[in-house]
Amino acid sequence: MSEPTGGRLVLAGNAIVDLVMRVPALPERGGDTVSRDTAFTTGGGFNVLTAARRLGLPALYAGAHGTGPFGDRVRADLAREGIGLVLDRIPGVDTGFCVALVDDGGERTFATSLGAEARLTEADATAVLAALRPGDMVQVSGYGLAYPVNGPVLASLVARLPEHTRVFLDPGPLVDQIPEEVLTPVLARCDWVSCNQREARLLTGLSDAHEAAAALATRLGPRTGVILRADAAGCLLVPPGGEPLHLPGRRVTAVDSNGAGDAHAGAFLALLGHGLDPVTAAEGANAAAAFAVTRPGPATGPTLDELLGFLDGDPLAARLSSALGR
């Protein structure tokens, strides 16, 4: 694989532990259900980092992490994937966790308990700034922006990022809970915003995906690109200063949609980092997300070999292989 031209992915987000329970369907309010399968996995921003790293982009976790069994698990999984740490562990508090219920349709429902990852400080932000190199890409999550402690720290960090640093925001499902004074400066500095249809509706008030993507691009201005992820339908891409372009998805049998958006975001960043144009990067991200939902677990983004095998004969495979030196 060719060396990336866009530096590293530095995630100023949250890596936590997921307790994933597979259930036939969500129980009614006050009811109960029996899980068919239960597993602990590292999730959150780890999924984005893993998706990018498996496609050859160097990656760093620049979020907070705690002392305890969950923090230990997160660090061990980051190390296994070759992902470095920026910050030291926080003593006396463990990393948080999330309960994810995955039903027979592949849909997931979450409940999260916050831990050390929600306790960023200004000293942490200074350490992240000091760790950056020219060409790095910084990913910011709306989860962190919605946290009362992390939000202002992250907004301040983003505002101080060097001009050569590209900034990517995934506003996440808590986007409507992010204070305006936190969200506005982050949006103003973003180079790319990647969101799903619900998040786009919350940001624009528009239900039609095409209209929402165009409105969001107008709000952000001509220097910022937009990706509106549309699940099996692929995505709408609005390059900086361009018009919305629909890039179709791929037909697969979904096993688990948990982490599909993260696989899409991580693959897009990795392919941009390898010097690919946004359209090709987004098409590759569509394929990576489709691959991810065919496997159980949140961190199921493909390696390059897996992605090329999944595409098998598609013209996109030849373009990716040529650009990435395979």
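The values are calculated or read from the model by the stated rules, or taken from the named source; none is laboratory data. These numbers were taken from a predicted model, which means no experiment stands behind them. No Cβ is skipped: glycine too gets one built from the backbone with ideal geometry, and neighbour counts run over all protein chains shown. All accessible areas refer to the heavy atoms of the entire protein, side chains included, with ligands and DNA or RNA removed. Shrake-Rupley method; radii C 1.70, N 1.55, O 1.52, S 1.80 Å.
Yes or no: GLY309 modelled with pLDDT of 90 or more, open to solvent by 10 Å² or more (accessible area, probe 1.4 Å), in a loop (DSSP other than H, G, I, E, B) and not acidic (Asp, Glu)?
Values: modelled with pLDDT of 90 or more: yes; open to solvent by 10 Å² or more (accessible area, probe 1.4 Å): yes; in a loop (DSSP other than H, G, I, E, B): no; not acidic (Asp, Glu): yes.
The answer is no for GLY309.
Please name all residue pairs, on different chains or six or more residues apart, with Cβ atoms under 9 Å, provided the first residue is in region 84-99 and is without any contact (Cβ under 8 Å) to a residue 12 or more places away in the chain and the second residue is hydrophobic (A, V, I, L, M, F, W, C) and surrounded by fewer than 21 Cβ atoms within 10 Å (Cβ to Cβ).
From residues that are without any contact (Cβ under 8 Å) to a residue 12 or more places away in the chain, the pairs are ASP88/ALA127.
Name the pairs: first residue in region 119-140 and closer than 18 Å to ARG166 by Cα, second residue of a type in the set (Lys, Arg) and open to solvent by 70 Å² or more (accessible area, probe 1.4 Å), Cβ to Cβ under 7 Å, at least 6 apart or on different chains?
Short answer, once both residue conditions are applied: LEU129/ARG160; MET137/ARG166.
Would you point out the residue of region 148-163, among those that are touching an Asp or Glu at 6+ places or on another chain (Cβ under 8 Å) and under 17 Å from ALA130 (Cβ atoms), that is least open to solvent (accessible area, probe 1.4 Å)?
VAL153
β-branched (Val, Ile, Thr) and at pLDDT 95 or above: is that true of THR41 in this structure? Before the answer, list the steps.
Numbers: β-branched (Val, Ile, Thr): yes; at pLDDT 95 or above: no.
In short, no.
Can you pull out the strands (runs of 3 or more DSSP E) entirely within region 180-282 that have at least 1 residues that are touching a strand residue (DSSP E or B) at 6+ places or on another chain (Cβ under 8 Å), open to solvent by 30 Å² or more (accessible area, probe 1.4 Å) and free of Cβ contacts under 8 Å to residues at least 40 places away in the same chain?
Output list reads 245-247.
With the requirement that a residue be under 23 Å from GLY297 (Cβ atoms) and surrounded by fewer than 20 Cβ atoms within 10 Å (Cβ to Cβ), what does region 71-90 give you? Give the steps one after another, and end with the answer.
Looking only at region 71-90, we keep the residues that are under 23 Å from GLY297 (Cβ atoms), and these are 71-85.
Passing the criteria: ASP72, ARG73, ARG75, ALA76, ASP77, ALA79, ARG80, GLU81, GLY82, GLY84, LEU85.
List the number of the failed condition for LEU101; all other conditions in (1) under 27 Å from ARG8 (Cβ atoms); (2) surrounded by fewer than 22 Cβ atoms within 10 Å (Cβ to Cβ) hold.
All conditions pass for LEU101, except number (1).
Determine whether THR67 is at pLDDT 95 or above and polar (S, T, N, Q). Steps first, answer last, please.
Numbers: at pLDDT 95 or above: yes; polar (S, T, N, Q): yes.
Here the answer is yes, as THR67 does meet what is asked.
Based on this model, can you work out whether THR109 counts as farther than 19 Å from ALA188 by Cβ, surrounded by fewer than 20 Cβ atoms within 10 Å (Cβ to Cβ) and either at pLDDT 95 or above or in contact with a Pro (Cβ under 6 Å, 6 or more places away or on another chain) (or both)? Can you show your working first?
Working: farther than 19 Å from ALA188 by Cβ: yes; surrounded by fewer than 20 Cβ atoms within 10 Å (Cβ to Cβ): yes; either at pLDDT 95 or above or in contact with a Pro (Cβ under 6 Å, 6 or more places away or on another chain) (or both): no.
In short, no.
Determine whether region 33-42 contains at least one residue that is crowded, with 19+ Cβ neighbours inside 10 Å, in contact with a helix residue (DSSP H, G or I) (Cβ under 8 Å, 6 or more places away or on another chain), within 30 Å of LEU269 (Cα to Cα) and aromatic (Phe, Trp, Tyr).
No, there is no match, as no residue in region 33-42 is crowded, with 19+ Cβ neighbours inside 10 Å, in contact with a helix residue (DSSP H, G or I) (Cβ under 8 Å, 6 or more places away or on another chain), within 30 Å of LEU269 (Cα to Cα) and aromatic (Phe, Trp, Tyr).
Across region 60-116, what is the total count of residues that are among the charged types (D, E, K, R) and in contact with a helix residue (DSSP H, G or I) (Cβ under 8 Å, 6 or more places away or on another chain)?
If we filter region 60-116 for residues that are among the charged types (D, E, K, R), which is where we start, we get 72-73, 75, 77, 80-81, 88-89, 94, 103-104, 107-108.
Pick out the ones that are also in contact with a helix residue (DSSP H, G or I) (Cβ under 8 Å, 6 or more places away or on another chain) and you get 77, 81, 89, 94.
Selection size over region 60-116: 4.
Please go through region 164-179 and give me each residue that is acidic (Asp, Glu) and either surrounded by fewer than 17 Cβ atoms within 10 Å (Cβ to Cβ) or part of a helix (DSSP H, G or I) (or both), ordered by number. Let's see the steps before the verdict.
Taking region 164-179 first, the residues acidic (Asp, Glu) are 170, 176.
Hit for region 164-179 is ASP176, nothing else.
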